[in-house]
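K.L.:
Can you keep this structure in mind? I'll have questions shortly.
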Amino acid sequence: MKMLVERITYEQESPYSSPWSKKQRIKMLLWEYCWIMLCSWTPKPANVWRIFILKSFGATIYGRPFVHQRARIQIPWNLTLHDHACLGDRANAYTLGRIEIFEHATVAQEAYLCTGTHAFNSKAMNLITAPITIGAHAFIGARAFIMPGISIGEHSIVGACSVVTKTVLPNRMVKGNPAC
């Protein structure tokens, strides 16, 4: 099953120039400091506060997801969390593009959801983003790496330390490097 994924290539003059506007960079910097100052030290029961801060920075929240205080979220306005979705301890949501985690899905500790890569065939090595979707009741194991443009189907399991390079269909278990 092949899915169409919206890839976005950003304009850059060189590999050293930012694809983000000055306004976007200031907003990202403000986000980073607010998360450190207001959330990263909070105890687990302060999840409601962390969700409030995420919403304040444009994250789309449905129901009551759980976000660990040491989770790392690059750009919150590109994140969508559904009811009882879980972003675990030191999990990385590298949201240069959209990430959506559906209800009761778990992204375990230190897992990495990466929505960005580069156009290696271009001198400017332009940033390319593609969304990641984690289906309902899916489980992403500790230290797993999910590549840009990947969907993990409902009720699927990705084993610990796996590298997912292709879409995972519903009700599947994948593991290893590469996992599919």
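K.L.:
Just the number please: accessible area per residue for the range 103-180, 1.4 Å probe, all protein chains included, in Å². Intermediate results must be reported in sequence, preceding the final value.
P.N.:
Working: 3590 Å² over 78 residues.
That works out to 46 Å² for each residue.
K.L.:
Given the options THR129, THR115, THR42, which has the most mean-square fluctuation in a GNM of the chain, springs set between C-alpha atoms less than 10 angstrom apart?
P.N.:
Between THR129, THR115, THR42, it is THR42 that shows the largest mean-square fluctuation.
K.L.:
Of all the Cα-Cα pairs you can form in the range 58-152, what percent are over 21 Å apart?
P.N.:
Working: 1056 of 4465 pairs.
Within the range 58-152, distances greater than 21 Å cover 24 percent of Cα pairs.
K.L.:
Could I ask something else about it? Percent of accessible area on the range 85-180 owned by carbon and sulfur, 1.4 Å probe?
P.N.:
Values: 2260 of 4110 Å².
Using a 1.4 Å probe with all protein chains present, the range 85-180 comes out at 55 percent carbon and sulfur.
K.L.:
Quick one: net charge around ALA130, please, counting Lys, Arg +1 and Asp, Glu -1 for every other residue with C-beta under 12 Å from its C-beta. Could the numbers behind the result be given before it?
P.N.:
Working: positive: ARG7, ARG98; negative: GLU6.
Within the 12 Å Cβ shell, the charges total +1.
K.L.:
If you scale each eigenvalue of the Cα gyration tensor by 5 and take the root, what three semi-axes come out for the range 112-180, rounded to whole angstrom and sorted largest first? Could the numbers behind the result be given before it?
P.N.:
Numbers: eigenvalues 117, 29, 16 Å².
Taking √(5λ) for each eigenvalue gives 24, 12, 9 Å, largest first.
K.L.:
Taking the chain, how many lysine pairs are there with alpha carbons less than 23 Å apart, if each pair must be eight or more places apart or span two chains?
P.N.:
Details: LYS2/LYS166; LYS2/LYS175; LYS22/LYS55; LYS22/LYS123; LYS23/LYS55; LYS27/LYS55; LYS44/LYS55; LYS166/LYS175.
The result is 8.
K.L.:
Top mean-square fluctuation among TRP35, TRP77, TRP49, Gaussian network model of the chain, C-alpha springs under 10 Å?
P.N.:
Largest GNM mean-square fluctuation: TRP49.
K.L.:
Over the range 1-63, what percent of the accessible surface lies on carbon and sulfur atoms, probe 1.4 Å?
P.N.:
Working: 3100 of 4940 Å².
Taking all protein chains in place, the range 1-63 shows 63 percent carbon and sulfur surface.
K.L.:
Determine the gain in length on full extension of the stretch GLU103-ASN177; use 0.36 nm per residue of separation and subtract their C-alpha separation, reporting nm with one decimal. Working shown, then result.
P.N.:
Numbers: separation 74, 0.36 × 74 = 26.64 nm, distance 2.67 nm.
Additional length available on full extension: 24.0 nm.
K.L.:
Taking the Cβ of ASN177 as the center, what net charge do the other residues with Cβ under 14 Å away carry, scoring Lys and Arg +1 and Asp and Glu -1?
P.N.:
On the way: positive: ARG143, LYS166, LYS175; negative: none.
Net local charge, ASN177 excluded: +3.
K.L.:
So which trypsin sites (Lys or Arg not before Pro) in the range 103-180 end up in coil per DSSP with only 13 or fewer other C-beta atoms within 10 Å? It would help to have the intermediate numbers written out before the result.
P.N.:
On the way: sites: LYS123, ARG143, LYS166, ARG172, LYS175; in loops: LYS123, ARG143, LYS166, ARG172, LYS175.
Passing sites in the range 103-180 are LYS123.
K.L.:
Per residue and in Å³, how big is the convex hull formed by the alpha-carbon atoms of the range 101-152? It would help to have the intermediate numbers written out before the result.
P.N.:
Values: hull volume 3.3 nm³, N = 52.
Given the Cα convex hull of the range 101-152, per-residue volume reads 64 Å³.
K.L.:
With the chain treated as a Gaussian network of Cα nodes joined by springs under 10 Å, which of LEU54, LEU81, LEU38 yields the largest mean-square fluctuation?
P.N.:
In the Gaussian network model the winner is LEU38.
K.L.:
Can you tally the net charge around VAL168? Count Lys and Arg as +1, Asp and Glu as -1, for every other residue whose Cβ sits under 12 Å from the Cβ of VAL168. Intermediate results must be reported in sequence, preceding the final value.
P.N.:
Details: positive: LYS166, ARG172, LYS175; negative: GLU154.
After counting each charged neighbour, the total is +2.
K.L.:
Measuring from label point to label point, each 7 Å out along Cα→Cβ, what is the GLN24 to ARG70 span in nm?
P.N.:
3.1
K.L.:
Also: Let me see the P(r) profile for the chain: every Cα-Cα distance counted, bins of 10 Å, each bin given as a percent of all pairs.
P.N.:
10, 38, 34, 17, 1
K.L.:
Let me ask something additional. Could you compute the FRET efficiency for THR9 and LEU169, with r as their C-beta to C-beta distance and R0 at 22 Å, rounded to 0.05?
P.N.:
Details: r = 28 Å, r/R0 = 1.25.
Result of the calculation: an efficiency of 0.20.
K.L.:
Rolling a 1.4 angstrom probe over the protein heavy atoms, how many square angstrom per residue are accessible across the range 1-88? Before the final figure, lay out each step's value.
P.N.:
Working: 5860 Å² over 88 residues.
Per-residue value: 67 Å².
The values are calculated or read from the model by the stated rules, or taken from the named source; none is laboratory data. Just so it is clear, the model here is predicted, and its values are computed rather than measured. Counting neighbours? That spans all protein chains shown, and the Cβs are built from the backbone with ideal geometry, glycine included. All accessible areas refer to the heavy atoms of the entire protein, side chains included, with ligands and DNA or RNA removed. Shrake-Rupley method; radii C 1.70, N 1.55, O 1.52, S 1.80 Å.
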